[in-house]
1. Report, by residue number, each residue of the range 236-260 that is farther than 16 Å from Ala207 by Cβ, free of Cβ contacts under 8 Å to residues at least 60 places away in the same chain and either assigned to a helix (DSSP H, G or I) or not assigned by TED's automatic domain parsing to the domain that holds Ile275 (or both).
2. Return the only residue of Leu188, Leu220, Leu206 being of a type in the set (A, V, I, L, M) and within 10 Å of the chain's Cα centre (by Cα).
3. If only one of Thr295, Thr261, Thr247, Thr237 is modelled with pLDDT of 80 or more and farther than 30 Å from Trp224 by Cβ, which one is it?
4. Give the residue, chosen from Thr211, Thr165, that is among the hydroxyl-bearing types (Ser, Thr, Tyr), under 15 Å from the mean Cα position of the chain (by Cα) and not assigned by TED's automatic domain parsing to the domain that holds Tyr107.
5. Return the only residue of Pro231, Pro178 being assigned to a loop (DSSP other than H, G, I, E, B), within 20 Å of Leu280 (Cβ to Cβ) and not charged (D, E, K, R).
6. Can you confirm whether the range 175-197 contains a residue that is of a type in the set (A, V, I, L, M, F, W, C), free of Cβ contacts under 8 Å to residues at least 40 places away in the same chain and closer than 17 Å to Phe273 by Cβ?
7. Name the residues in the range 64-94 that are within 25 Å of the chain's Cα centre (by Cα), modelled with pLDDT under 95 and in a helix (DSSP H, G or I), would you?
Amino acid sequence: MGCRVSGVGVVGYINRRNVIFFVLTIVGAGMVYGPLRDLLGSGARSEYYSHITLIPLVSICLIYWERKNLFREAAYSYRMGIILLLFGVLLYLIGTGQKQALSQNDYSGIITLAGVVFWIGAFTLSYGYRAFRLAIFPLLFLAFMIPIPTVLMDEVIYLLQVGSTEVTYVLFQIIGVPVSRDGFTFHLPNISIEVAKECSGIRSSLALFITSFLSAHFFLKTGWRKAVLIPAIIPITIFKNGIRIVTLSLLAVYVDERFITGGFLHKSGGFVFYIPALGLLGIILLFLRKSEKRTERRRMVS
């Protein structure tokens, strides 16, 4: 029977169970390091995945905060752990075998999936099914490390691009700006603006989605309310994109064209519009949380 995690000081963490987990973690990190390094340094779609390096840190923090409960009855789980480890290795072999046929994004995706499955297997093997069940959220949270398949990413970007274009056109009409539209292109006085894929807001959408996922976990209990909060990111992002495009367009038309051709707000000012979007998410979360508390009080009274 293995030693428990509940030791005192540094010595308490140096036992066979933790050593096994540490070694397997190094192996899993070695699996994903090269592909993710190449993806994040490629410049093609690397800007979409700036969050990847933060995901394991968040998972580690979540597990650390709950460590006393998670590891109170730590026990090896050989069957489930080994199955997950082997499945991770199988995915890794499939990915490396198909490397030449896959894009950098999709190759990195399958290898990262392999590494995540392998690491979850290492955790389960070392600390048991109980710890796995209690740590299911931080473990599954690691899925945000996995690059989105190209086909799915292109569909999401197109959806956001279409939605942003429609909202932008409506906003132009509401404020009375003279504009004509040709697909994704708006013709304004002295300037034409295209809502390109880069204007889809996919980066902020991913950031908001991850934020909503964490918020739902920490602040909501009922499944349907969580299911309401997370998809709310789509209309929030589309509305935010419309506001951003209209704002930059008006500044370009009536102040300086450089606001749309190379100004700070265009290149690096996404956070200025991200904050109000985060505020909208907070309002929806507050409404759902109050609704949940009212339901709990009615149940207590009855």
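The values are calculated or read from the model by the stated rules, or taken from the named source; none is laboratory data. Note that the structure is predicted; figures quoted are calculated from it, not measured. We place every Cβ from the backbone using ideal geometry, glycine too, and count neighbours over all the protein chains shown.
1. If the condition is that a residue be farther than 16 Å from Ala207 by Cβ, free of Cβ contacts under 8 Å to residues at least 60 places away in the same chain and either assigned to a helix (DSSP H, G or I) or not assigned by TED's automatic domain parsing to the domain that holds Ile275 (or both), then Thr247, Leu248, Leu251, Tyr254, Arg258, Phe259 are the ones that fit.
2. Numbers: Leu188 fails: within 10 Å of the chain's Cα centre (by Cα); Leu220 fails: within 10 Å of the chain's Cα centre (by Cα).
Every option except Leu206 fails the conditions.
3. Numbers: Thr295 fails: farther than 30 Å from Trp224 by Cβ; Thr261 fails: modelled with pLDDT of 80 or more; Thr237 fails: farther than 30 Å from Trp224 by Cβ.
Testing whether each residue is modelled with pLDDT of 80 or more and farther than 30 Å from Trp224 by Cβ leaves just Thr247.
4. Values: Thr165 fails: under 15 Å from the mean Cα position of the chain (by Cα).
Unique residue meeting the criteria: Thr211.
5. Pro231
6. Yes; the residues of the range 175-197 include at least one that is of a type in the set (A, V, I, L, M, F, W, C), free of Cβ contacts under 8 Å to residues at least 40 places away in the same chain and closer than 17 Å to Phe273 by Cβ.
7. Selection gives Tyr64, Trp65, Arg67, Leu70.
Listed here are the residues, each with its yes/no results for (1) surrounded by 17 or more Cβ atoms within 10 Å (Cβ to Cβ); (2) more than 25 Å from the chain's Cα centre (by Cα).
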{"site": "Met145", "(1), (2)": "yes, no"}
{"site": "Tyr158", "(1), (2)": "no, no"}
{"site": "Gly176", "(1), (2)": "no, yes"}
{"site": "Ser200", "(1), (2)": "yes, no"}
